[in-house]
Amino acid sequence: MIKVNKDYLKLPGSYLFSDIAKKVSSFAEANPDKKIIRLGIGDVTQPLCPAVIEAMHKAVDEMASADTFKGYAPDLGYSFLRDTIVEKVYKKLGADIKADEIFISDGAKSDSGNIQEIFDRDVKVAVCDPVYPVYVDTNVMAGRTGSYDAATGLWSDVIYMPCTADNGYSPELPSGGKDGFGPDNKVPDLIYLCFPNNPTGATITKSQLQQWVDYANRVNAVIIYDAAYEAYISEADVPHSIYECEGARECAIEIRSFSKNAGFTGTRLGFTVIPKDIKDVDGNMLHSLWARRHGTKFNGAPYIIQKAGEAVYSDEGQKQTGEQIAYYMKNARYILEGLKSAGYTVSGGVNAPYIWLKTPDNMSSWDFFDFLLKEANVVGTPGSGFGPSGEGHFRLTAFGSYENTVEAIDRIKKL
Ligand code: MLT
């Protein structure tokens, strides 16, 4: 008799951005005359840059001839792309990463959701609060998070690391208890960190990240480091990769995306780095397990898209994607300055395309969402959707067009 995976039934509601999309489309249906401006989901709006388009056209033409046609891509990615990443990303940062430690995929969302599969069901997971919902939801699906308390919005078996204005939206190391590592059951095995952060737009310094790496190595934990937004870093002393830290090869997996730095949200490309030095308590290499998983469940990102990804690192590609990032960061500045001048408490938006604001008059995040949609026809993301510490906060993205961003902020200022 067929039975479903009961862990899926534990998930409250639907995925955050699906909930928002439903609300927005029913508002749009009821108000066809309103021009809705969407600054909710972090989806890019600028077209792929010319260097990328040119590479894609060329690759499409190759597919038209038997001599150059490509079938299944190698499961772990074409070496032209993996070698380019080593040269253009990691060597530049002085990080020791080899091409065969890079796994090309169809994006950071899939990788950050799937990576938990290679760990034991009993590992203790630690996440920032607020957090990108994929990390928690996929661990719920795997039956790793215990029970959900609807009153607090917390899972019984997850370690939450609150990121609030008081700590500069930077998580603190678990502390107290035996050996200074927290109560025994609070020592994490798997730690998810995302910097520059989604949703708060905050970052941490290299020395703060080094403390996390040292901590993970001391307690034999693994850090999943989501660096999807690294291209937005504008300040010195903010690390672009966890492998800038000493000892990270022994404890850190890094996930990267082409979505935010090069506009591939609809094209899909990302990669995960698993150094061969990371081993579990019994000496098993995480690299081998992920290679096995990738080989079994994934048939490789398309050749055309991997060629497009390679073009991102060409001189032209770097220049053109750099211009796109500057475009979005101009939006971020407009949002930050505009909201500040209207009396809002805002943060983020300097090293990240997200602006995090405190809702006015202690409104709940969802009340503010409804208010903004109804009164300004602007869509944002309720902070509480990212976790209980996000309550009373709201996220706006800088990924809109400049004209829409200006119009949205001007409407909010008039409220
Ligand atoms: C977000 O809005 O948080 C992101 O777009 C989600 C994602 O990258 O999957």
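The values are calculated or read from the model by the stated rules, or taken from the named source; none is laboratory data. All figures in this text were calculated on a predicted structure; none of them were measured in a lab. When we count neighbours, we look across all protein chains shown, and the Cβ atoms used for this are built from the backbone with ideal geometry, even at glycine.
The table below lists the values:
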item: Answer residue from the range 4-55, given it is among the acidic types (D, E) and in a loop (DSSP other than H, G, I, E, B) and is farthest from the ligand (Cβ to nearest atom) among those; result: D33
item: Residue within the range 95-103 that is out of contact with any Pro (no Cβ under 8 Å at 6 or more places or on another chain), under 29 Å from M141 (Cβ atoms) and either more than 16 Å from the ligand (Cβ to nearest atom) or in a helix (DSSP H, G or I) (or both) present; result: yes
item: So D149, is it surrounded by fewer than 19 Cβ atoms within 10 Å (Cβ to Cβ) and more than 16 Å from the ligand (Cβ to nearest atom); result: yes
item: Of residues in the range 390-411 being buried (at least 22 other Cβ atoms within 10 Å of the Cβ) and part of a helix (DSSP H, G or I), the one nearest to the chain's Cα centre (by Cα); result: G390
item: Within the range 107-124, tally of residues that are outside any loop (DSSP other than H, G, I, E, B) and at pLDDT below 95; result: 0
item: Candidates A301, A332, A291, A311 - the one that is out of contact with any strand residue (DSSP E or B) (no Cβ under 8 Å at 6 or more places or on another chain) and at pLDDT 95 or above; result: A311
item: Residue in the range 132-141 that is within 16 Å of the ligand (Cβ to nearest atom), part of a loop (DSSP other than H, G, I, E, B), closer than 18 Å to S18 by Cα and at pLDDT 95 or above present; result: yes
item: Qualifying position, being basic (K, R), under 23 Å from the mean Cα position of the chain (by Cα) and modelled with pLDDT of 95 or more, among K58, K88; result: K88
item: Among (1) within 16 Å of the ligand (Cβ to nearest atom); (2) assigned to a loop (DSSP other than H, G, I, E, B); (3) among the small types (G, A, S) - the single one A73 does not satisfy; result: (1)
item: Which numbered condition L76 misses (of (1) under 27 Å from Y327 (Cα atoms); (2) modelled with pLDDT under 95; (3) not charged (D, E, K, R)); result: (1)
item: Flag if T265 is in a loop (DSSP other than H, G, I, E, B), within 17 Å of G113 (Cα to Cα) and within 16 Å of the ligand (Cβ to nearest atom); result: yes
item: Index of the failed condition, I104 passing every other in (1) out of contact with any Phe, Trp or Tyr (no Cβ under 7 Å at 6 or more places or on another chain); (2) touching a residue at least 40 places away in the same chain (Cβ under 8 Å); (3) closer than 30 Å to Q306 by Cα; (4) of a type outside the set (F, W, Y); result: (1)
item: Residue that is farthest from E254 (Cα to Cα) [pool: residues in the range 99-132 that are crowded, with 23+ Cβ neighbours inside 10 Å and of a type in the set (S, T, Y)]; result: Y132
item: Matching residues in the range 54-98 - criterion: being surrounded by fewer than 17 Cβ atoms within 10 Å (Cβ to Cβ), hydrophobic (A, V, I, L, M, F, W, C) and farther than 13 Å from E310 by Cβ; result: V60, M63, A64, A66, F69, L93
item: Checking S347 against (1) assigned to a strand (DSSP E or B); (2) surrounded by fewer than 24 Cβ atoms within 10 Å (Cβ to Cβ); (3) within 16 Å of the ligand (Cβ to nearest atom); (4) of a type outside the set (A, V, I, L, M), the condition it does not meet; result: (3)
item: The range 244-262, subset away from the ligand (no atom under 16 Å from the Cβ) and part of a helix (DSSP H, G or I), residue surrounded by the most Cβ atoms within 10 Å (Cβ to Cβ); result: A248
item: Leading residue by the ranking (nearest to the ligand (Cβ to nearest atom)) among those in the range 384-415 that are of a type in the set (V, I, T) and under 20 Å from T200 (Cα atoms); result: T397
item: Qualifying residues in the range 357-383 (those that are of a type in the set (S, T, N, Q) and outside any loop (DSSP other than H, G, I, E, B)) - the one nearest to the ligand (Cβ to nearest atom); result: T381
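Okay, residues lined up against (1) more than 16 Å from the ligand (Cβ to nearest atom); (2) polar (S, T, N, Q); (3) within 22 Å of N139 (Cα to Cα):
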| site | (1), (2), (3) |
| --- | --- |
| Y192 | no, no, yes |
| F195 | no, no, yes |
| P199 | no, no, yes |
| S207 | yes, yes, no |
| N217 | yes, yes, no |
| Y225 | no, no, yes |
| A228 | no, no, yes |
| E235 | yes, no, no |
